[in-house]
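Before any comments, here is the structure.
Just so it is clear, none of the values below were taken in a lab; they were calculated from the coordinates. Model, not experiment: these values are computed from the prediction. Ideal geometry is used to build each Cβ from the backbone, glycine not excepted, and the neighbour counts take in all protein chains shown.
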C-alpha cells in the first residue's frame, strides 16, 4: 500500500528544501487531540492499537455526519477518517493510520492529559531502540516491561496483545525502519521484522519473535529453525535476532539477542 501525504507538507518540502512534518501547522491539527480525548469505552485501546500499526474494524453506518454528535468510539473514528487522520479499507471495514506524518501527530496529541502514560512509553522508545542495537538484553527486557506497565489497560492474554505493546514501544524505530507485522517466510510468519529504510543503510535489520509463557531461547530457535532470515530476499548485512518473552505468572519480560550475518 502506498502512503499518501498532506499536500501542504509536500509543497513545503519542495519550497523549503527541508523534509519535515508541516501538518501540525494547520488548524485541523487541534481537532485530533480534542476527538481522541473523548471518553468512549474502547477508544483508548483502539488508538493505541492503531499507533502500534494495527488495523481496527469499525461500523461507519451510525455516524451522524456532523462534528458534534457522537454515540460511541466508532463515530469518533469515522470522523477522523473524514478529517484525514485515518485511512479506511472498504474490503475489511477497518481503519489505519496512513503514514508516518500522521502517526507523529497522534504521538504529539497524547503527550498531555489522560494519555500521559502512553506518551511516556513513546518517549522511552528512543532509548529502547538504542539498547536493542547495542544488544543490551537486560535493558531491553526492562524497557519492554515498563512499556507494558504504562499501557497495562491492554489485555495481556496472548502474543498478539504482546505485539501491540512492543510495536508501540519501538515507535521511534519507524522513522528509520520499515516495519512488517507477521512477515511471511515460507515456513511460517515472523512476528515483527524491521528493515532499515534506504536513508539508514548503516543499521542492522531486526527479526523479533515473541513468546508468551515460553523461553526466549525458544523464540531464537524458531527464527533459526524456520530460516526466517532467508526470507529477507535481497537484504545483505547484519541482522539482529531478538527473542522477547512474557511470563504470565511472574509478570516478567525477558530478552535474548543474537547476531546473524547475511
For the chain, built as a Gaussian network whose Cα springs stay under 10 Å, the top-fluctuating residue of 198, 184, 98: 198
Would you compute, from DSSP H runs of 4+ residues alone, the mean residue ellipticity of the chain at 222 nm, taking -39500 (n - 2.57) per run and dividing by the full residue count, rounded to the nearest 500? -11000 deg cm²/dmol
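Ranking 131, 255 by Cβ neighbours within 10 Å, fewest first, what do you get?
Sorted ascending by nearby Cβ count, the order is 131, 255.
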Gap separating the Cα centres of the stretch 185-262 and the stretch 98-148, nearest whole Å: 19
For residue 89 and residue 18, calculate 0.36 nm times their separation in residues minus their Cα-Cα distance, and state this gained length in nm to one decimal. 22.4 nm
Taking Rh as the Kirkwood radius computed over C-alpha pairs, what is the Stokes-Einstein D of the stretch 72-129 at 37 °C in a medium of viscosity 0.692 mPa s, expressed in µm² per second? 256
Quick calc: nm separation of the 7 Å Cα→Cβ label points for residue 221 and residue 39 -> 4.9
